[in-house]
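Novice: Dumping the structure here so I can ask a few things about it.
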Amino acid sequence: MNLYHCMIELKRDAQALAFASATEHWLSGLASRGLIGEWKLFRRKFGLASAQHSDMILTIEVEDMAQLESAFRSLADAGSPADQKYYDLMHDMIGQLAVGLYRPYPDPTQRESVALV
């Protein structure tokens, strides 16, 4: 299992509950089609965090790189009008975004040990 991690700052005029609702509709649609695994949206509590931490964190589980590629490919395809509507709503509220892809560590294949020098 891999974890796609998104640190999100909303635009000043964006409403957090509207963002959460659009995110839920869009990601639930992707999950129902098997394009992603579980996902969770978190919001900073009491504004407690260092400067490097954003107001919201979104985590999306993907089984492997093939599943992640399928999810990205679905963004390029128009998809259903409902999916596009919720994606656009969600995306239009994002002011800043930083992403990362993580895997369990140590993993069984130890990719670092077979890297070319």
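Bear in mind these aren't lab numbers, they're just calculated from the coordinates by the rules spelled out. Please read these numbers as outputs of a predicted model, since none were measured by experiment. In this analysis, Cβ positions are derived from the backbone assuming ideal geometry, glycine residues included, and neighbour counts consider all displayed protein chains.
Novice: Hey, rough spin-label estimate for residue 52 and residue 96, points 7 angstrom out along Cα→Cβ, what's it come to in nanometres?
Specialist: Distance between label points: 1.4 nm.
Novice: Let me ask something else. Among residues other than residue 4 whose Cβ falls under 13 Å from its Cβ, what is the net charge (Lys/Arg +1, Asp/Glu -1)?
Specialist: Spelling it out: positives minus negatives among the neighbours equals -3.
Novice: On to the next question. Go through 29, 47, 2 and say which Cα lies farthest out towards the positive end of the charge dipole of the range 2-96; charges sit on Cβ, +1 for Lys and Arg, -1 for Asp and Glu.
Specialist: 47
Novice: As a footprinting exposure proxy, order 46, 19 by other Cβ within 10 Å, with the fewest listed first.
Specialist: Least to most surrounded, the residues fall as 46, 19.
Novice: Still on this structure, I have one more. Rounded to whole Hz and in sequence order, give me ³J(HN,Hα) for the range 39-54 from the Karplus expression 6.51 cos²θ - 1.76 cosθ + 1.60, θ = phi - 60°, writing x for Gly and Pro.
Specialist: Once θ is set to phi - 60°, the couplings for the range 39-54 become 9, 8, 10, 10, 10, 4, 9, 6, x, 8, 4, 6, 4, 6, 9, 8 Hz.
Novice: Continuing with this model, one more query. To the nearest 20 Debye, how big is the dipole of the chain about its Cα centre, given +1 on the beta carbon of each Lys and Arg and -1 on that of each Asp and Glu?
Specialist: For the chain, the charge dipole is close to 340 debye.
Novice: Excluding residue 40 itself, what net charge comes from residues whose Cβ is under 13 Å from its Cβ, given Lys and Arg +1 and Asp and Glu -1?
Specialist: Net charge in that neighbourhood comes out at -2.
Novice: Got the relative contact order for the chain handy, in percent, Cα pairs under 8 Å and 6 or more residues apart?
Specialist: 47 percent
Novice: Tell me the mean residue ellipticity at 222 nm calculated for the chain from its helices only (DSSP H runs of n ≥ 4, each -39500 (n - 2.57), averaged over every residue, nearest 500).
Specialist: Estimated from H runs of four or more residues: -11000 deg cm²/dmol.
Novice: Net charge near residue 84: determine it from the other residues with C-beta under 15 Å of the C-beta of residue 84, scoring Lys and Arg +1 and Asp and Glu -1.
Specialist: Surrounding charge for residue 84 is -1.
Novice: If I compute Cα Rg over 2.2 N^0.38 Å from the structure I just sent, which labelled value in [x] 1.18; [y] 1.06; [z] 1.30 lines up?
Specialist: [x]
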